[in-house]
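Data first, discussion second: the structure below is written as structure tokens.
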Amino acid sequence: MSLSETAVDRAPSSGRIQQHRRYLMCKPAYFTVSYEINPWMHKADPTDTPKAVRQWQTLYDTYLSLGHDVEVIDPIEGLPDMVYTANGGFIIDGKALGVRFSVGERRGEEQPFMDWFGSHGFEVVEPIATQEGEGDILLAGDTILAGYGFRSSIESHREIADVFDREVVSLHLVNPNFYHLDTAIAVLDPVVGPGGVEAANIAYLPNAFDDRGRGILEERFPDAIRVADEDGAVFGLNSASDGRNVFISPRATGYDAQLRERGYNPVHIDLSELLLGGGGIKCCTLELRGGRS
Ligand code: ARG
């Protein structure tokens, strides 16, 4: 698809192009913190499920109000993390690779997500190696960026390359607070580079990566937004983008300014309650690329 085919709106002053998105979300009807599988989760801290639902609803409504399509998967009692649909799979061109969680607490989500993809027109591929979907696998232009170190295994990267027949760039996550790639990198929009190769603008948190990963990111994305540690610490990078509107935490003030400087329109969504589970905006948003609509 060319950019002009997907463009639905152009910000007159900035030239940033909004693209239509189709997302999968899951209402946090059963959200709570009943186990601890990342450093943000503390069973002792109380959670407020109705508040989580209200905050989630704001994100859902905001996507719709900007013209995006949002599908929902039914929440399942006893699977409190199902709200983080980014971990439900990874989808390109109607092909959905299911997930194999590294944490037993979430393995009950694997089949329901694959069933949903199957019944909504996606070709489902059962995973072999451990990986946690779009939480650790991001499409940046034509290239797949894949994280490993905490949750997804590096062995999964070959499988991902084979399933989607694309280059996969492996990035080692080294800071336990940023245990999924989508807490450390945000893909902002596609750009067509020299020779028509599709690349992307990204934002990232340098300190979440080792030297090798930082080197790769600097070389491949010289124009990337490098986000400060303070913005990373409030889950600022866990943001979704339609190419023009970037959905971010209101606490990520430095990132907000960096986005504005480059002509993006930051849209603030407060998911403080869902941060108690170690997730934010992007975690609650799985992109559905292709398939029946
Ligand atoms: N409690 C969830 C877990 O640890 C949070 C998942 C966050 N998801 C994400 N895509 N980063 O699995």
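Any read-out appearing in this document is the output of simple, stated calculations on the displayed coordinates, not a laboratory observation. Remember, predicted model here, so these are calculated numbers, not experimental data. Cβ sites come from the backbone with ideal geometry, for glycine too, and all protein chains shown count toward neighbours.
Some points to look at:
- Contour excess over end-to-end distance, with Cα ends at Asp211 and Asp162 and 0.36 nm allotted per residue: 14.9 nm
- Descending Cα extents along the principal axes, region 122-201, whole Å: 35, 31, 20
- A Förster radius of 22 Å combined with the Cβ-Cβ distance from Val72 to Lys51 puts the calculated FRET efficiency at roughly 0.70.
- Here's the list of aspartates and glutamates a cross-link from Lys43 could span, going by alpha-carbon distance under 17 Å and ignoring same-chain residues fewer than 8 apart: Asp81, Glu105, Glu273.
- Along region 267-273 the Karplus relation, 6.51 cos²θ - 1.76 cosθ + 1.60 evaluated at θ = phi - 60°, assigns HN-Hα couplings of 10, 8, 10, 8, 10, 4, 5 Hz to successive residues, with x for each Gly and Pro.
- Legend: Rg and Dmax of region 10-163, from Cα coordinates, 16.5, 49 Å.
- Spherically averaged projected area of region 86-241 from its Cα convex hull (nm²): 9.0 nm²
- Amide H contacts for Val70 (H built 1.01 Å from N in the peptide plane; partners 5 or more residues away or on another chain; cut-off under 5 Å): Tyr23.
- Given the chain, longest segment not containing exposed loop GluC sites (Glu not before Pro) (DSSP; at most 11 other Cβ within 10 Å): 168-293
- Residue-wise HN-Hα couplings along region 17-32, as the Karplus relation 6.51 cos²θ - 1.76 cosθ + 1.60 with θ = phi - 60° gives them from phi, are 10, 6, 10, 6, 10, 10, 10, 10, 10, 9, 4, x, 4, 10, 5, 6 Hz; Gly and Pro carry x.
- Kirkwood-Stokes translational diffusion coefficient of region 157-293, alpha-carbon pairs, 4 °C, 1.567 mPa s, µm²/s: 83 µm²/s
- Sequence-distant residues sharing a close amide H with Lys27 (under 5 Å, placed H): Ile73
- Net charge of Cβ neighbours under 10 Å - reference Gly278; Lys, Arg +1; Asp, Glu -1: -2
- Amide H contacts of Leu188 (H built 1.01 Å from N, under 5 Å, at least 5 apart or other chain): Asn201, Ile202, Ala203
- Rg and Dmax over the alpha-carbon atoms of the chain stand at 17.4, 54 Å.
- Per-residue HN-Hα couplings for region 66-71 [Karplus 6.51, -1.76, 1.60; θ = phi - 60°; Hz; x = Gly/Pro]: 8, x, 7, 9, 10, 9
- Think of each Lys and Arg Cβ as +1 and each Asp and Glu Cβ as -1; about the Cα centre, that makes the dipole of the chain roughly 440 debye.
- Stretchable slack from Asp229 to Glu155, in nm (0.36 nm times residue separation minus alpha-carbon distance): 23.7 nm
- Reach of Lys282 by Cα under 13 Å, taken over aspartates and glutamates that are not fewer than 8 positions away in the same chain: Glu134, Asp136, Asp182, Asp242, Asp270
- In whole percents, the pair-distance distribution calculated for region 21-74 from its alpha-carbon pairs, binned every 10 Å from zero, is 23, 41, 28, 8.
- For the chain, leaving out every one of the trypsin sites (Lys or Arg not before Pro) that falls in a DSSP loop and has at most 11 other Cβ atoms within 10 Å, the longest unbroken run is 44-291.
- Positive-end residue, the chain charge dipole about Cα centroid, Cβ charges, pick of Thr58, Cys26, Phe101: Thr58
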